[in-house]
Amino acid sequence: MRNSRYRHPIPSRGEIVKAMEAAGRPLTLVSLAGHMRLKGPRNEAALRRRLKAMVRDGQLIRNRAREYCLAHHLDLVIGQVRAHKDGYGFLTPDRGGEDVFLSSREMGRLWDGDRVAARISVTQRGTEGRVVEILKRAVSEVAGRLVRERGFDWVEVEGRERTRVLIPRGQGRGAGADDLVRVEITAHPTRRTNAVGRVIRVLGRFDDSGAQTLSAILSHGIPHEFSPRVEAETAEMPTGVTADARRGRKDLRELPLVTIDGADAKDFDDAVYCEPAGNGWRLIVAIADVGHYVRAGTGLDEEARERGTSVYFPDRVVPMLPEALSNGLCSLQSDVERLCLCCDMTVSEQGEVNKSRFYEAVMRSARRFTYGEAARLISGESGRIGEPGASGEPGGSRAAGESGRKGAPPTDSATFSSLKALAGVYAAFLERRRERGGLEFDLGEVVLELDDQGQISNVAPRKRLVTHRIIEECMIAANVEAARWLRKARIPSLYRVHEGPGPERVDELILFVRTLGITSISPGRLQPADMNRILKATESGPEAELVQTMLLRCMARAEYRPKNSGHFGLALPVYAHFTSPIRRYPDLLVHRAIKHLLHKGGVKGFSYDLAAMEHLGRHCSRAEQRADEAVWDVEERLKCAWLKDRVGDRFAVSVSGIVPFGLFVRVAELGIDGLVHVSSLPRDYYHADAGGSALTGENSGRSYRLADRLQVQLTSVSVRERKIDFVPVERTRKARH
């Protein structure tokens, strides 16, 4: 089949592959055109464009003789580069399987996210990749600090240690030393030369307010400006729910659905309602129907797909969708009509979902609660809804007679009853979770409170309330039902897959817990129930946080895949993300699959196939990781800047890591990590044991172990390098001999 987009029809990719397979050898452009019986310069130019796209996507490789080769005949691995800040990297193959290690020498000419073709070889260090062809560059701009030394200017790229971009004379746009700049790459790095670029914008001083976040956004390649096409499409959106949009939907406007979120939340994805039903409950999880407004193939959809996720920095949010949608038309604001996609469940008193159905609806949120307000109401610490001071918000009660009109907000007593029922269904869900062995982490988080200058004014622990857990369990239940629907229909979509820890990680974990006196865990395949036993055994001890951190480290990162293999952490056989389509693209894809089934009754005619979902799953997983890394960069730098004024202060820490050159320690209540260098310990020759669980003095026998508590003094902080150094003051536990 020829592509109708071209004025002069050219062969499809499949036809090109078939012709090259028949030829049985690499072909030049002219030879291939002859095989395809294409004549004339226009046809040849069109074929060249098609071949270029196939090279970019890794289907073809162009060799030194300017011949096109089928990649699968060259024993090459095609995939995406993941750069590590220490200089080396990994290649994630398109076809799946283990990542391939890339040495710092190979990474010297690569950027994070580049698509490459590599040949695999076995060396004394293990399996490594050697890049044969760079198929597509991921980076066209970078950000970093401008350095001026001995008449030369270069930019130290944020997030990449030892990566420099040279700035030729006259290309600095007036930037000075220590300015934070945005740079366009004019020549990519090679094995022998650094990248070359030109400054296109001076962002301010490196330590200016907000500079760290903007630098992270640019250096991690996070899209943050919407195109004119997207802005135009957004401007054409309605300001509210239209009569056409309501047609054919279930009317839930009189049902007391409520949102329960953080105090600073603006994008309300989900609303919940619960009522007793027989010996159990009826639970409705209503999710913003983003798919109604963001249609496949539009500029909005392309932008959302590229971003993959909203990114939540301490001082700002980079949204997946424009604010008019994310905080407006798609946000389930109180007392405003909104479109939603509902998961309506019947839950038994044992916490089992016996029946579920999905449908499109129109709703009006009865109330917007913060987690704290809802928790106080459920516990009875404040008056009933509508009484003064009950919600912490003005205007607690509604005008008399308001509930009499069609679609009016429900009465406060109904809302209160729903909250109480939510607490009941949560208790059942929690008991069921414990029976199946789902992991129950309670790792302390901290909140970074910023001042008017965008700097940390305080670091406070984040309180986890019962309402956080209620909403979490309700969302898990809806996600499970969505995944079951997808699996039963066999429709291409994305599952949230979380694999258990590999054998090496299990061995490391067992070695660690044995140092804490836990010997009941046996080698082999670790189950969530085993991890829960470890958590239970250490929950009241000083090492509780470290144990949870070590358990998290030993597990694989959750990913989006079209092939379900279960969720290890939740101990669930099938799981998908359905509940946050405003801020996660995989959820929007799940919505599209469910809506297609609702409208068409089956898979036929669905816009996506398995190959498309494979690609989208890899992209969305990478976008999520990119966001996490960018937020971590910003938070660590803000913490370092905050600590600079506290040099000399003393802190209670626990040992969180053992390395030959010292101890990594953690200030738990501040969420801050630092290093106690071996040179600051009492003089001796220190050696780390094979498992990394102890550092022992050769002559004294003094031993520092994981989870040991120390008193330390802060001696130095580097904001640029994100390094914090401590020295020990005294030990709160006796040295072990």
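The values are calculated or read from the model by the stated rules, or taken from the named source; none is laboratory data. Being a predicted model, the structure only gives us computed values, none of them experimental. No Cβ is skipped: glycine too gets one built from the backbone with ideal geometry, and neighbour counts run over all protein chains shown.
Take the residues of segment 474-527 that are crowded, with 20+ Cβ neighbours inside 10 Å and free of Cβ contacts under 8 Å to residues at least 60 places away in the same chain: which is nearest to Leu341 (Cα to Cα)?
Filtering segment 474-527 for residues that are crowded, with 20+ Cβ neighbours inside 10 Å and free of Cβ contacts under 8 Å to residues at least 60 places away in the same chain, the one nearest to Leu341 (Cα to Cα) comes out as Leu526.
In segment 642-660, is there at least one residue being under 30 Å from Asp207 (Cα atoms), in contact (Cβ under 8 Å) with a residue 60 or more places away in the chain, basic (Lys, Arg) and in a helix (DSSP H, G or I)?
yes
Looking at segment 210-223, which of the residues that are assigned to a helix (DSSP H, G or I) and of a type in the set (A, V, I, L, M) is modelled with the highest pLDDT?
The extreme case among them is Ile217.
So Gln453 passes all but one of these: (1) of a type in the set (S, T, N, Q); (2) outside the structural domain of Leu419 (by TED's automatic domain parsing); (3) in a loop (DSSP other than H, G, I, E, B). Which condition number does it fail?
(2)
So if I check each of Arg48, Arg150, Arg66, which one is within 21 Å of Val196 (Cα to Cα), surrounded by fewer than 15 Cβ atoms within 10 Å (Cβ to Cβ) and basic (Lys, Arg)?
On the way: Arg48 fails: within 21 Å of Val196 (Cα to Cα); Arg66 fails: within 21 Å of Val196 (Cα to Cα).
From the options Arg48, Arg150, Arg66, the qualifying one is Arg150.
Do we find a residue being modelled with pLDDT of 80 or more and not assigned by TED's automatic domain parsing to the domain that holds Gly291 anywhere in segment 516-527?
So the first thing to find is which residues in segment 516-527 are modelled with pLDDT of 80 or more, and the list is 527.
When the remaining residues are screened for being not assigned by TED's automatic domain parsing to the domain that holds Gly291, the result is 527.
Yes: one or more hits.
Tell me which residues, restricted to segment 393-430, are among the aromatic types (Phe, Trp, Tyr) and either modelled with pLDDT under 95 or out of contact with any Cys (no Cβ under 8 Å at 6 or more places or on another chain) (or both).
Answer for segment 393-430, where residues must be among the aromatic types (Phe, Trp, Tyr) and either modelled with pLDDT under 95 or out of contact with any Cys (no Cβ under 8 Å at 6 or more places or on another chain) (or both): just Phe416.
Could you grab me the full set of residues in segment 650-693 that are among the charged types (D, E, K, R), at pLDDT 90 or above and under 24 Å from Asp633 (Cα atoms)?
Hits for segment 650-693 are Arg666, Asp673.
Just checking, which of Val459, Val497, Val506 is modelled with pLDDT under 95, within 24 Å of the chain's Cα centre (by Cα) and not aromatic (Phe, Trp, Tyr)? I'd like the intermediate steps shown before the answer.
Values: Val497 fails: modelled with pLDDT under 95; Val506 fails: within 24 Å of the chain's Cα centre (by Cα).
Going through Val459, Val497, Val506 in turn, just one is modelled with pLDDT under 95, within 24 Å of the chain's Cα centre (by Cα) and not aromatic (Phe, Trp, Tyr): Val459.
Find all pairs meeting these conditions: Cβ atoms under 7 angstrom apart; at least six residues apart or on different chains; first residue within segment 110-139 and surrounded by 13 or more Cβ atoms within 10 Å (Cβ to Cβ) and part of a strand (DSSP E or B); second residue among the polar types (S, T, N, Q) and modelled with pLDDT of 85 or more.
Sorted first by the residue in segment 110-139, then by its partner, the pairs are Arg115/Gln80; Glu128/Ser103.
Within segment 66-116, which residues are touching a helix residue (DSSP H, G or I) at 6+ places or on another chain (Cβ under 7 Å) and of a type in the set (A, V, I, L, M, F, W, C)?
Leu70, Ile78, Ala83
Going by the conditions given, is Tyr273 in the same structural domain as Thr415 (by TED's automatic domain parsing) and over 21 Å from Lys595 (Cα atoms)?
yes
Conditions (1) surrounded by 16 or more Cβ atoms within 10 Å (Cβ to Cβ); (2) outside any strand (DSSP E or B); (3) in the same structural domain as Asp114 (by TED's automatic domain parsing), marked per residue:
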{"site": "Ala627", "(1), (2), (3)": "yes, yes, no"}
{"site": "Asp684", "(1), (2), (3)": "no, yes, no"}
{"site": "Ser700", "(1), (2), (3)": "no, yes, no"}
{"site": "Gln711", "(1), (2), (3)": "no, no, no"}
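Read through the list (1) part of a strand (DSSP E or B); (2) under 28 Å from the mean Cα position of the chain (by Cα); (3) at positive phi, then give the number of the only condition that Val181 fails.
(3)
Which condition number does Phe313 fail, the rest of (1) under 21 Å from Glu624 (Cα atoms); (2) touching a strand residue (DSSP E or B) at 6+ places or on another chain (Cβ under 9 Å) being met?
Of everything listed in (1) under 21 Å from Glu624 (Cα atoms); (2) touching a strand residue (DSSP E or B) at 6+ places or on another chain (Cβ under 9 Å), Phe313 misses just condition (2).
Please count how many residues of segment 522-539 are assigned to a loop (DSSP other than H, G, I, E, B), within 31 Å of the chain's Cα centre (by Cα) and either of a type in the set (Gly, Ala, Ser) or under 22 Å from Asp442 (Cα atoms) (or both).
Adding up the residues that qualify gives 4.
Give the residues of segment 550-566 that are touching a Lys or Arg at 6+ places or on another chain (Cβ under 9 Å), crowded, with 18+ Cβ neighbours inside 10 Å and farther than 30 Å from Leu610 by Cβ, sorted by residue number.
Matches in segment 550-566: Cys554 only.
Restricting attention to segment 256-291, which residues are surrounded by fewer than 21 Cβ atoms within 10 Å (Cβ to Cβ) and among the aliphatic types (A, V, I, L, M)?
Ala263, Ala265, Ala277 - these are the residues of segment 256-291 that are surrounded by fewer than 21 Cβ atoms within 10 Å (Cβ to Cβ) and among the aliphatic types (A, V, I, L, M).
Of everything in segment 309-321, what is buried (at least 21 other Cβ atoms within 10 Å of the Cβ) and not aromatic (Phe, Trp, Tyr)? Give them in sequence order.
Matches in segment 309-321: Thr309, Val311, Pro319, Met320, Leu321.
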